[in-house]
Amino acid sequence: MAALDVSDMTVRRDLEVLEGQGHLLKVHGGATLLRESTVHEPGFDTKRALEHEAKVAIARNAASFVEPGMAVAISAGSTTYEVARRLTGVPRLTVITNSVPAAEVLYHGGRGDQTVILTGGVRTPSDALVGPFAVNALRDVNVDIVFLGVHGMTERAGFTTPNLLESETHQALIEAGGRLVITADHTKWGISGMSTMARLSRADVVISDRRLDLTAQAVLRAEAGELILAGPDEATVPARAPLGAAAAVSV
C-alpha cells in the first residue's frame with residue numbers, strides 16, 4: 001500500500017467500514033463497488049452519513065414552515081429525521097410518522113405538550129414502518145403539512161422509492177396532508193426507484209441544496225409550486241407564507 005502511504009491493516013479496516021455502510025462488497029484480493037438498482041435500499045445509518053451538511057441545511061428550512069399547534073406528518077428518511085430533530089421545541093405540535101428514528105427523537109427530546117403518533121407496519125432497512133397497517137392508520141388522518149423524503153427524483157418518474165410497500169404508505173401520507181414539502185439533496189436528482197410516490201407537480205415545495213443541477217432546477221421550478229435551495233452557511237431562514245397562500249419561486 002505504498003502508493004497510499006498507509007498500512008495493510010488500515011486499508012482492511014477502511015474497507016470493512018465502507019462495506020458496513022453499504023458502499024462496497026469485499027472480495028478476494030480487494031473490494032468492488034455495489035451497483036445501484038431500482039430496488040436497492042440502503043440502511044438508515046448509511047443514508048444519514050451521506051451529504052449530512054446539505055441535509056441539515058434542508059431540514060432547517062423545512063422546519064421553518066412549522067408553527068405551534070400544527071398537525072404534521074413526517075415520512076421515513078434521513079433528511080426528514082433531521083427535520084424531526086428541529087421540531088422538538090415547537091409547542092403543542094402533533095406529529096404523525098412512519099419513521100422509527102423520527103418518533104424516537106421526538107419522544108425523548110420533545111416537549112411535554114407534543115403528541116407523537118407512530119404508525120404500525122413492517123420495518124424496512126431504512127427504519128420505515130410500511131404496509132397495510134400503516135396505510136390503515138393514515139386513512140382518516142388530516143394534517144397541515146407533510147414532509148416527505150425521497151430515494152430519487154426524475155422528470156419522467158417523479159419522486160420515487162425502491163420499496164413498493166413504502167411507496168403505498170407514503171402515498172397515504174401525502175393524501176393526509178394539506179401542503180406537501182419534499183426534502184431531497186442534490187444527489188437524489190436522476191435517481192429512479194422502482195415505485196413512484198408522486199409526480200413532481202404534486203409537490204407544493206421542494207427543498208434541495210445549492211449543488212442541485214441547473215437542469216434539475218429548471219424542471220422543478222416549472223413543475224413544483226416552489227423550489228428552495230438551502231445552503232449550510234445559512235444562520236437564519238426567511239419567513240414563510242401562511243398555509244394556503246400562493247407560493248413564489250425561490251432560490
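For region 159-203, filtering for residues that are in a strand (DSSP E or B) and either within 21 Å of ALA54 (Cα to Cα) or outside the structural domain of ILE58 (by TED's automatic domain parsing) (or both) leaves 8. When the test is whether a residue is surrounded by fewer than 16 Cβ atoms within 10 Å (Cβ to Cβ) and either part of a loop (DSSP other than H, G, I, E, B) or of a type outside the set (A, V, I, L, M, F, W, C) (or both), ASP113 passes it. With respect to the conditions (1) over 17 Å from GLU82 (Cα atoms); (2) in contact (Cβ under 8 Å) with a residue 40 or more places away in the chain; (3) surrounded by fewer than 17 Cβ atoms within 10 Å (Cβ to Cβ), ASN163 lacks only one, and its number is (3).
Selection of region 90-118 for residues being in contact with a Lys or Arg (Cβ under 9 Å, 6 or more places away or on another chain) and closer than 19 Å to LYS55 by Cα yields VAL100, PRO101, ALA102, VAL105, LEU106. Once region 116-140 is narrowed to residues that are without any contact (Cβ under 8 Å) to a residue 60 or more places away in the chain and in a loop (DSSP other than H, G, I, E, B), the residue that is surrounded by the most Cβ atoms within 10 Å (Cβ to Cβ) is THR119. Of the candidates LEU106, LEU148, the single residue that is of a type in the set (A, V, I, L, M) and either surrounded by fewer than 19 Cβ atoms within 10 Å (Cβ to Cβ) or in a helix (DSSP H, G or I) (or both) is LEU106.
The values are calculated or read from the model by the stated rules, or taken from the named source; none is laboratory data. If you're wondering where the values come from, they're calculated on a predicted model, not measured in any experiment. Because the Cβ atoms are built from the backbone with ideal geometry, glycine has one as well, and the counts that use them run over all protein chains shown.
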